[in-house]
Protein chains: 2
Amino acid sequence: MTDLSGRDLVLTRLIPAPPAALYRAWTEPELLKQWFAPKPFTVAEAETELRPGGTTRIVMRGPDGTEFASSGVYLELVENARIVFTDAYTRAWEPAAKPFFTGIITFAPEGGATRYTALARHWTDEDRAAHEAMGFHDGWGRCADQLADLAARL
Amino acid sequence: MTDLSGRDLVLTRLIPAPPAALYRAWTEPELLKQWFAPKPFTVAEAETELRPGGTTRIVMRGPDGTEFASSGVYLELVENARIVFTDAYTRAWEPAAKPFFTGIITFAPEGGATRYTALARHWTDEDRAAHEAMGFHDGWGRCADQLADLAARL
């Protein structure tokens, strides 16, 4: 884990699955539901409108039933290689209450496996620090483990 | 001119030119330079990388030679119909110091002319008010006159 700048949080893993399996797990709602929330949280709803400007919407559910909805838009999709999205818009092109971060997810072939990199780039240093304090590394790390487990089975 | 919400500033004109002429004037750098700055300001440089995520960069020059550079990225381009861009990024996907607005420009056929609508949608009510105080209606209005003059000659 390396911070490339004061505004970035980064998680990277070498995952023993092909880029196409990871891209599917990120883009197909039924697969996304299986790994995107750190257990015991679950994903109750997942929407992935796969085009620039398309909506991405996730509803997580806590063990007590409380639901947490988040939405954003895709900015860039390169099949099996790269996904960029942001929460600065709730849908095209409705400004969110607060632009918080841009997610840049890359899948790069590396020695028969895939170098998986999830970068969260914030508009301010303060937001990066808040995201880290909210448990970015632990949360995204546990989800990456769940993603690797799922991808190995695809 | 109508404000659709507290965060929007809108300018609309019926321009006697086809949508394709207005789209060209918005996207071809040599045409953009002829109308995008309210005279006596001029456009010294214009870059239009026409794809979602492509850079749009304009350098305006004041009568005393002072230059003002601004840059953003395109979010959506529908030929002859619609252009969406934002200053929330300086290029794909570098967060700007401050996300200020999203520009939604539409060209709709209307009775042999074109309904031209330039909407500036801000992240906050305060930013909308600041943009209005900076002279949005006068500045964009004078540019729309220049745009109409140019489009009539294309």
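Quick rundown of the values:
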quantity: Search result, residues across the stretch A:64-99 that are away from chain B (no Cβ under 11 Å) and of a type in the set (A, V, I, L, M, F, W, C); calculated: A:68, A:69, A:81, A:83
quantity: Which listed residue is within 15 Å of the chain's Cα centre (by Cα) and on the phi < 0 side of the Ramachandran plot, from B:63, B:18, B:52, B:29; calculated: B:29
quantity: Candidate set: the stretch B:33-58, residues that are touching a residue at least 60 places away in the same chain (Cβ under 8 Å) and aromatic (Phe, Trp, Tyr); chosen: the one nearest to residue A:84 (Cα to Cα); calculated: B:36
quantity: Matching residues in the stretch A:30-56 - criterion: being open to solvent by 40 Å² or more (accessible area, probe 1.4 Å) and not in a loop (DSSP other than H, G, I, E, B); calculated: A:30, A:42, A:45, A:47
quantity: All positions within the stretch A:118-148 that are among the polar types (S, T, N, Q) and more than 14 Å from chain B (Cβ to nearest Cβ); calculated: A:146
quantity: The listed residue being open to solvent by 40 Å² or more (accessible area, probe 1.4 Å) and either in contact with a Lys or Arg (Cβ under 7 Å, 6 or more places away or on another chain) or under 14 Å from residue B:12 (Cβ atoms) (or both), out of B:129, B:108, B:120, B:133; calculated: B:108
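The values are calculated or read from the model by the stated rules, or taken from the named source; none is laboratory data. Predicted model only: the values in this text are computed from it and were never measured. Note: ideal-geometry Cβ built from the backbone for every residue, glycine included; neighbour counts use all protein chains shown. Keep in mind that these areas ignore ligands, DNA and RNA; they rest on the heavy atoms of the full protein, side chains included. Shrake-Rupley method; radii C 1.70, N 1.55, O 1.52, S 1.80 Å.
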